[in-house]
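Written below as structure tokens is the structure these notes are about.
We did not get these values from a lab; they are worked out from the coordinates using the rules stated. Keep in mind that this is a model prediction, so the values were computed, not measured. For neighbour counting, all protein chains shown are included, and Cβ atoms are generated from backbone atoms with ideal geometry for every residue, glycine included.
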Amino acid sequence: MSLAPAAIERSVNNAVARTRGEPGPLLEILHAVQNDLGCIPPESVALIAAALNLSRAEVHGVVSFYHHFRDHPAGEHTIQLCRAEACQSMQGDALADFAKRRLQLGFGETRKDGKVTLEAVYCLGNCACAPSAMIDGQLRGRVDAQALAECADAWGVPS
Amino acid sequence: MSARALVTVFVPGDAGAVSLGANAVADVLARECRRREIPIRLVRNGSRGLYWLEPLVEVVTAAGRVAYGPVRASDVPALLDAGFLEGRPHALLLGDIENHEWLRNQQRVTAARIGVVDPSDIDDYIAHGGYAGLQAALAMPPIEIVRTVIGSGLRGRGGAAFPSGTKWQTVFEQVAAQKYVACNADEGDSGTFADRMLMEGDPFALIEGMTIAGLAVGATQGYIYLRVEYPHAARALARALHVARERGYLGKNLRDSGRDFDIAVRLGAGAYICGEETSMLESLQGRRGEVRVRPPLPAVKGLFGEPTLVHNVVTLATIPVILARGATAYRELGAGQSRGTVLLQLGGNVKQGGLVELAFGLTVRQLVYGYGGGTASGRPVRAVQVGGPLGAYLPESELDTPLEYEALSARSALLGHAGVVVFDDTVDMARMARFALEFCAIESCGKCAPCRIGSARGVELLDRIIAKQGNGDANVALLAELCDTMQNGSLCGLGGLTPFPVRSALKHFPEDFR
């Protein structure tokens with residue numbers, strides 16, 4: 001799916017206008033664009049750079065520095081599985097293996113049918129309820145294979 | 001049926017409780033009560049910090065608050081049938097939660113209001129002692145506020161444990177047209193969640209602490225750098241900031257003091273390194289979160305090149321109570337160079353995880369077995385990691401170490417942000433050492449070679465050790481040397497402290513590396 005140039009331009013302009021007068025607004029703008037478009041489209045980089053009087057390299061450097069920003073949209077559904085120590089201590093490795101197998105995905109990948117994106121995150125601040133995952137933006141604690149399988153089934157991911 | 005009085009029910013809106021179904025509990029409760037024509041006032045409080053009992057629902061009865069938990073949405077009809085709104089018995093009845101053995105002996109100072117108050121209600125905050133600190137501060141000349149913080153013995157709770165008052169003094173002494181207070185809410189250490197609980201459960205404490213800091217050092221603008229992984233905290237802060245502004249606790253001429261202070265929230269974007277203060281300041285300015293060399297210290301040249309007071313959430317949220325009760329009252333808690341209370345966060349493979357606030361001095365063993373009840377899996381404890389991904393792994397033989405700065409550093413360990421993660425005997429410590437280096441490689445900002453390259457080489461080395469390729473002893477010796485280079489040659493704590501978990505694993509669990 002590619003985004004219309006007009007939509008990208010509108011999104012960037014809105015974000016720039018909303019943060020006008022604020023010092024160092026680049027991260028704010030990137031958040032706004034990604035919330036709006038689901039990603040930071042590569043075409044938006046030059047527009048953002050021009051609006052902030054930065055070089056494209058500077059904007060690209062910021063986009064690529066932060067794990068949160070993506071240059072293409074995620075799938076319909078996103079599972080962010082915590083891979084940090086507290087979740088590892090609760091059989092997080094086995095859960096990660098299950099997720100990869102069931103979704104037929106590696107971390108950082110989106111299924112070809114566009115249904116699911118699987119991502120590794122490092123700590124969701126829910127370490128007393130490990131293992132944790134953020135599933136479509138909802139934090140879930142004490143996640144097990146069954147919970148992930150139920151999501152995959154509900155989303156129609158072929159097993 | 002006679003007309004009933006409005007019953008107040010607390011169902012936590014804390015992210016951890018929500019992750020275990022608290023929203024569904026609240027929804028079903030509201031629906032069932034509507035259907036049964038029972039008027040209730042539903043409050044979404046923070047978590048008391050007993051996570052194995054979440055969602056923990058409290059009902060206000062004539063005899064006080066009565067707790068039930070862990071409550072699932074499907075339990076709600078039966079609870080109502082049993083008369084839980086009057087505090088009647090049910091299998092999930094816990095009674096007065098403050099009498100629970102987990103909470104009874106805690107010393108909740110910074111976390112006193114979490115789980116108790118409605119985090120969106122400023123009047124509830126004030127009724128529970130909130131804004132007494134600000135009131136005291138407004139009656140003092142700024143230097144007196146600074147002296148109070150110095151006198152309290154408070155040290156930065158974010159991990160570095162630097163004496164807070166010294167920082168305040170430095171920023172106070174700077175002459176500049178604009179100064180800032182920057183709150184580091186990029187709580188990225190695995191095993192830690194106290195900042196999150198505070199922001200969600202008692203956001204006004206952070207706001208008040210930052211306001212007092214602004215008055216003391218002469219800053220008019222504060223920023224909260226919040227990690228993007230904390231959407232619940234972002235909503236709680238936005239609500240509280242709005243209310244504080246409306247009620248004149250923030251903004252121009254706050255509380256008719258003639259002083260200005262306001263706070264803006266800035267979201268991070270998933271970079272662990274931005275918990276390092278210079279990296280955070282770069283990120284707040286919309287740049288790559290690359291670490292920079294100190295000096296100049298942020299207190300002298302920080303955000304936008306201006307003097308900036310940087311503290312983490314727990315530190316700032318502790319300021320109001322210090323101002324309200326005085327430096328001595330706070331200082332009297334704790335021992336040695338570790339004064340006041342510490343917010344210990346117990347997680348991982350533990351039966352009873354959550355938040356324990358006590359004056360410094362509790363041992364790891366008391367925390368893990370006394371509060372935690374041992375492992376969740378029921379297997380023996382093999383290792384306990386204290387202080388997040390840059391903290392050391394302690395073996396069973398070192399669990400009597402007190403959780404305080406000096407005692408831990410004497411054992412080549414650190415308290416960090418006071419996260420404590422328990423592992424059972426299925427853990428492979430060579431894999432955990434590898435993970436420490438892998439995490440460093442993923443999260444390195446790339447500015448200095450020891451961290452950027454050392455971490456990647458370290459992962460390769462551990463892969464060889466784990467696969468038993470080449471000369472094992474030589475590989476382990478090389479790993480130790482690599483740790484030396486990273487520890488002594490890195491620009492900041494990420495590269496400099498990653499050797500702590502690696503070395504502790506090597507030292508205490510050598511059998512896993514053979």
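What average number of partner chain Cβ atoms lie no more than 10 Å from the Cβ of the residues making up A:130-143?
The mean count of partner-chain Cβ atoms within 10 Å per residue comes to 4.
At 222 nm, what helix-only mean residue ellipticity would the protein assembly as shown give, in deg cm²/dmol to the nearest 500, using -39500 (n - 2.57) for each DSSP H run of four or more?
Roughly -12000 deg cm²/dmol at 222 nm, from the helical runs in the protein assembly as shown.
Select from B:L323, B:L303, B:G336 the residue farthest towards the positive end of the dipole of the stretch B:254-340; place +1 on Cβ of Lys and Arg, -1 on Cβ of Asp and Glu, and compute about the Cα centre.
Of the candidates, B:G336 comes out farthest on the positive side.
To the nearest 20 Debye, how big is the dipole of the stretch A:77-154 about its Cα centre, given +1 on the beta carbon of each Lys and Arg and -1 on that of each Asp and Glu? Show your work: numbers first, answer last.
Values: 9 positive and 10 negative charges, 22 e Å.
Approximately 100 debye in magnitude.
Which order do the peptides B:155-166, B:256-267 take when ranked by the mean count of other beta-carbon atoms within 10 Å per residue, highest first?
Most protected by this proxy first, the peptides run B:155-166, B:256-267.
Mind checking the mean number of beta-carbon atoms from other chains within 10 Å of the Cβ atoms in B:281-289?
What the average comes to for B:281-289 is 6.
Could you work out the mean count of beta carbons from other protein chains within 10 Å of each residue's beta carbon in A:77-87?
Values: counts 0, 0, 0, 2, 0, 2, 5, 11, 19, 20, 5.
If you average over the peptide's residues, the count of other-chain Cβ atoms is 6.
Summing Lys, Arg as +1 and Asp, Glu as -1, what charge do residues with Cβ under 11 Å from the Cβ of B:R434 carry, B:R434 excluded?
Summing Lys and Arg as +1 and Asp and Glu as -1 gives -3.
Rounded to the nearest 20 debye, what is the charge dipole size of the protein assembly as shown about its Cα centre when +1 sits on each Lys and Arg Cβ and -1 on each Asp and Glu Cβ?
On the way: 66 positive and 72 negative charges, 112 e Å.
Rounded to the nearest 20 debye, it is 540 debye.
Would you be so kind as to identify which of B:I145, B:T61, B:T363 lies farthest towards the positive end of the dipole of chain B, taking Lys and Arg as +1 and Asp and Glu as -1 on Cβ and the Cα centre as origin?
About the Cα centre, the residue reaching furthest to the positive side is B:I145.
Give, rounded to the nearest 20 debye, the magnitude of the charge dipole that the stretch A:5-65 has about its Cα centre when Lys and Arg contribute +1 at Cβ and Asp and Glu contribute -1 at Cβ.
80
Charges on Cβ only, +1 for Lys and Arg, -1 for Asp and Glu, centred on the Cα centroid of chain B; of B:Q135, B:L437, B:N253, which one is farthest towards the dipole's positive end?
Working it through, the farthest residue towards the positive pole turns out to be B:N253.
Which residues' amide hydrogens lie under 5 Å from the amide hydrogen of A:H77, considering only partners 5 or more residues apart or on another chain, with H built in the peptide plane?
Amide H to amide H, under 5 Å and 5 or more residues apart or across chains, A:H77 pairs with A:V116, A:T117.
Please give the peptides B:453-463, B:83-93 ranked by average Cβ packing (other Cβ atoms within 10 Å per residue), highest first, as a rough proxy for protection.
Ranked by mean Cβ neighbours within 10 Å, highest first: B:453-463, B:83-93.
Once amide H atoms are built 1.01 Å from N in the peptide plane, which residues 5 or more positions from B:V310, or in another chain, come under 5 Å H to H?
B:A182
How far apart, in nanometres, would the label points at B:A474 and A:D97 be if each is projected 7 angstrom from Cα along the Cα-to-Cβ direction?
Between B:A474 and A:D97, the label points sit 3.2 nm apart.
If we count every other residue with Cβ under 13 angstrom of B:R247's Cβ, Lys/Arg +1 and Asp/Glu -1, where does the sum land?
Here the count lands on -3.
For B:E332, what charge total do you get from the other residues with a beta carbon under 11 Å from its beta carbon, if Lys and Arg give +1 and Asp and Glu give -1?
Working: positive: B:R325, B:R331, B:R339; negative: none.
Here the count lands on +3.
Give me a comma-separated list of calculated 3J(HN,Hα) values for the stretch B:249-263, in order, Karplus coefficients 6.51, -1.76, 1.60 applied at θ = phi - 60°, integers in Hz, x for any Gly or Pro.
Working through the residues one at a time gives 8, 9, x, 6, 6, 5, 6, 6, 8, x, 10, 10, 7, 9, 10 Hz.
For a 30 Å ceiling on Cα separation, which of these pairs sit above it: A:K115/B:K468; B:K167/B:K447; A:K115/B:K351?
Details: A:K115/B:K468 40 Å; B:K167/B:K447 26 Å; A:K115/B:K351 36 Å.
Too far apart for the 30 Å limit: A:K115/B:K468; A:K115/B:K351.
Kindly give Rg over Rh for the protein assembly as shown, based on alpha-carbon atoms, with the Kirkwood expression for the hydrodynamic radius.
My calculation of the ratio gives 0.96.
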